[in-house]
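Let me begin by presenting the structure, written as structure tokens, before commenting on it.
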Amino acid sequence: MNTLPPVVHVAVQRPFYSTLDYSYDPTQGSIPLGSRLEIKLAGRTTVGVVMGSSPTPTLADPKKLKAITRLMDNEPILDAHLVELLDWAAKYYHEPIGEVVFTALPSLLRQQRPLNLPIWWQLTATESPTELQRAKRQLALYEWLKAQGGYVSEDAVAAWAGNGWRVTMRHLEAKGLVASTTLPPAPLEHIATAPHLTLTPQQLATIEGIQHAITQAELKPTLLHGITGSGKTEVYLRVMAPILAQGKQVLVLVPEISLTPQLLGRFRTHYPHERMVCLHSGLTDQERLQAWLQAQQQQVRIIIGTRSAVFTPCPNLGLIIIDEEHDLSFKQQEGFRYHGRDLAIKRAHMLNIPIILGSATPALETLHNADSGRFHYFHLAQRPGTAKPPSVQLQNIRGQTLRSGLSSTTLSMIKDTLARQEQVMLFINRRGFAPLLMCSSCGWSGQCEHCSANMTYHARQGKLICHHCSVEKLVPEHCPQCGHHHLVTQGQGTERLELVLSQTFPTIPIIRIDRDSTARKGALAERLQQVHEHPTAILVGTQMLAKGHDFPNLTLVVVLEADAALLSSEYHARERFGQLLVQVAGRAGRSDKAGQVIIQTNHPENPALVTLLAQGYTLFARQLLEERRRWHYPPFGYQALLRANAPELNDALDVLDKMAEHLQLFGLGGVILLGPTTAMLEKRAGRYRTQLLLQSANRKALHTLLNYLTHTIKQLKFPANTRWSIDVDPLDLT
């Protein structure tokens, strides 16, 4: 007779590339998949999540198998689908399984305490049956619950009903009149229904085409490519309707927290009777947990969130929408380096549900998938009503005298726009007052001691701040090198532009929107409200202003310092430049007023810039795709970036040298190794950064090599205090 104990495979928050096995006593009940356990690891108690089970242990000596300490919750926190998705993600991104699983959980579920949520009681019938007339206590409790709105916490029931209330409540539960739940109801705000917009023929045809595509037996992702202001959100809202009518859930992913309130408002006015939640980094731990659990228990059917919301448990998920699918914010750049868009596509495929990717500037990979027939493709090329795309003017500033980066022609156009009582946006992707503070006598500059970069001068705070490691120091009164008192600035940022414009246009509100001005909670919403309250205003900001915002009275957009990305050696830079330029330009002329965009440049003849403006984003993107095809860059090849960092440069290089040698001994199988070399930003936060790029025309060969590396990495001895990471499908090679 087999007396060996059954085994559960447990993911723990440690750098292990496989699960750990623990035994349990089957007489105490089964251990469901996705449950949290308390276990002993290296003499300490910790939390684990069950990723699978076996009827018998696989260890040669079962006596060495430790037993679980206890089951932490009554119900699993992850369903079978999410367990499968997370297991796939750990394998694809070559990340320790525990790091992946615990990244997906709200922080309160990573802690070593049971999920003891208060019990709420909910009415499940609108009318009391006649037999309650003879059960006075039950009738009284029922009528009180009804008067409270149908949802009441156990504490409130006990305070009102006194001793013995549980017996009475159980009688009502047995009759099917009430039910218990561990969550209060998601709030249903009383918002007036917005009048449905009149759709353009192009929108109607697109909605009909998408609805036909997502009802096919064999589904594939849908790309909705719509110019800025073409009404993509309205298409999302209409396509969702039949999904919601079937009682299913819809998950909407957006790239930035700044977009969630605006999008949530659109969704709430269109679906005022639907409960919905937002998941983003601005929530408290308790708020995030509650929203997560409301989605898990199907109290809400519309879930809107940023990147990590892709892991939200939605047992009845029927549709995923990714707005601004091209945005770099969907890619996690630290820790578990996943791509939210790609994981959403995988999740939709696993569940065989439709997924819609929307953008005015699709990522090259997405556009290539549409061109090759792997994605459905729909194009919105017109703005509704009388709104027209803005006219775009290249302004050659070579040799001109500029005032804080602004030409005399630009200043004149700003003045004319304000005279018409319209709004102007000045876009510069650099916050602070100036990127460089230097001594005019000896040439000293304010460099960061911890990074190979200059510190940015922030005039209002009187500080130099490193935008790479966040180190701050007060601005010196004189040159630290020669003692000279005349320190000067070079270049400009949003803060300097704000100052110059307030001096030039003293009666006009200047509204600056960047990471500094919106750091306080609620500050972004306040500033966006100011934009809507002042029909005549100047907006100054970084790429926070470029994404998804609708400013009806904005008619002039000025793009400053557009050249840096065009001259970058990083092959992703031109794609991002094109996307950002189109998105920024799309803020102008979104109502019935004509919009105009000025791009100040020293290189008006740049071929990529000429193509983008003369022929549009699609041809610009296909030109970049053709270049990538020649170099076998993604999406025509596959890449992974091995990174290492250490306090000493030679130690960081040594890590990757050993990895490269280790991989070559195994056999590269057609994978090309480029490096090791120093990163473009060689030093950051006191640590030197190096990288080794792996490139292959064959995805399987690349992943075979990475799998070998992660499972044999312990054989390599690295210098002390070094760190390394793997980035699969990297989007930032700096």
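At-a-glance table
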item: Karplus 3J(HN,Hα) series, Hz, for segment 98-111 with 6.51 cos²θ - 1.76 cosθ + 1.60 (x for Gly, Pro); result: x, 4, 5, 4, 6, 5, 6, 8, x, 4, 5, 7, 7, 8
item: Whole-number percent relative contact order across segment 120-181, with pairs defined as alpha carbons under 8 Å at least 6 apart; result: 55
item: Degrees between helix 165-174 axis and first principal axis of the chain (Cα, 0 to 90, nearest 10); result: 90
item: Positive minus negative residues near residue 168 (Lys, Arg vs Asp, Glu; Cβ under 15 Å); result: +3
item: Cα pair count fraction exceeding 41 Å, expressed as % - the chain; result: 41
item: ³J(HN,Hα) computed for each position of segment 21-33 - Karplus, 6.51 cos²θ - 1.76 cosθ + 1.60, integer Hz, glycine/proline x; result: 9, 9, 8, 8, 8, x, 6, 8, x, 7, 10, x, 4
item: Helix-only mean residue ellipticity at 222 nm for the chain, each DSSP H run of n ≥ 4 adding -39500 (n - 2.57), per residue, nearest 500; result: -9500 deg cm²/dmol
item: Order of 287, 561 under a 10 Å beta carbon neighbour criterion, fewest first; result: 287, 561
item: Extension reserve of the residue 388-residue 523 stretch, reckoned as 0.36 nm per residue once the Cα distance is removed; result: 45.4 nm
item: Label-to-label distance, nm, for residues given as residue 269 and residue 79 (7 Å Cα→Cβ offset); result: 3.3
item: Mean-position separation - Cα centroids, segment 618-679 and segment 320-389, in angstrom; result: 25
item: On Cα atoms only, tilt of 260-270 relative to the major axis of the chain in degrees; result: 60
item: At most 15 other Cβ within 10 Å, DSSP loop - GluC sites (Glu not before Pro), segment 600-678; result: 605, 648
item: Over segment 573-666 - Rg/Rh using Cα atoms and the Kirkwood inverse-distance radius; result: 1.20
item: Peptides 269-278, 689-698, 720-729 ordered by average Cβ neighbours within 10 Å, highest first; result: 689-698, 269-278, 720-729
item: Full-stretch length increase - residue 626, residue 27 - with 0.36 nm per residue and alpha-carbon distance subtracted; result: 209.3 nm
item: With Cα atoms, 0 to 90° folded angle of helix 617-631 axis to the chain main axis; result: 90
item: Whole-number Å³ per residue for the convex hull built on Cα positions in segment 95-162; result: 141
item: Distance from segment 209-254 to segment 466-535 (C-alpha centre basis), Å; result: 40
item: Exposure proxy order (Cβ contacts within 10 Å, fewest to most) of 622, 337; result: 622, 337
item: Backbone HN-Hα couplings from phi across segment 322-331 [Karplus 6.51/-1.76/1.60, Hz, Gly and Pro as x]; result: 10, 8, 6, 4, 6, 5, 5, 4, 6, 9
item: Cα centroid of segment 2-35 to Cα centroid of segment 82-131, whole Å; result: 18
item: Size of electric dipole in segment 436-541: Cβ of Lys, Arg +1 and of Asp, Glu -1, about Cα centre, debye, nearest 20; result: 120
item: Local electrostatic count, residue 84, Cβ distance below 13 Å [Lys/Arg +1, Asp/Glu -1]; result: +1
item: Segments 678-685, 318-325 sorted - mean Cβ within 10 Å per residue, highest first; result: 318-325, 678-685
item: DSSP-defined antiparallel bridges as percent of all bridges, the chain, nearest 5; result: 55
item: Length-normalised contact order of the chain in % [C-alpha pairs under 8 Å, at least 6 apart]; result: 10
item: Radius 15 Å from Cβ of residue 449, net charge of other residues (Lys, Arg +1; Asp, Glu -1); result: +3
item: Modelled FRET efficiency - R0 25 Å, residue 159 with residue 298, Cβ distances, 0.05 increments; result: 0.30
item: Dipole-positive endmost among 29, 240, 470 within the chain (Cβ charges, Cα centre); result: 29
item: All Cα pairs of segment 201-380, percent lying beyond 19 Å; result: 55
item: Cut-off under 5 Å, modelled amide H: who pairs with residue 456 long-range; result: 465, 466, 467
item: Inter-label distance for residue 664 and residue 130, nm, one decimal - labels placed 7 Å from Cα along Cα-to-Cβ; result: 9.1
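No lab work stands behind these numbers, since they all come straight from the coordinates. These numbers were taken from a predicted model, which means no experiment stands behind them. Ideal geometry is used to build each Cβ from the backbone, glycine not excepted, and the neighbour counts take in all protein chains shown.
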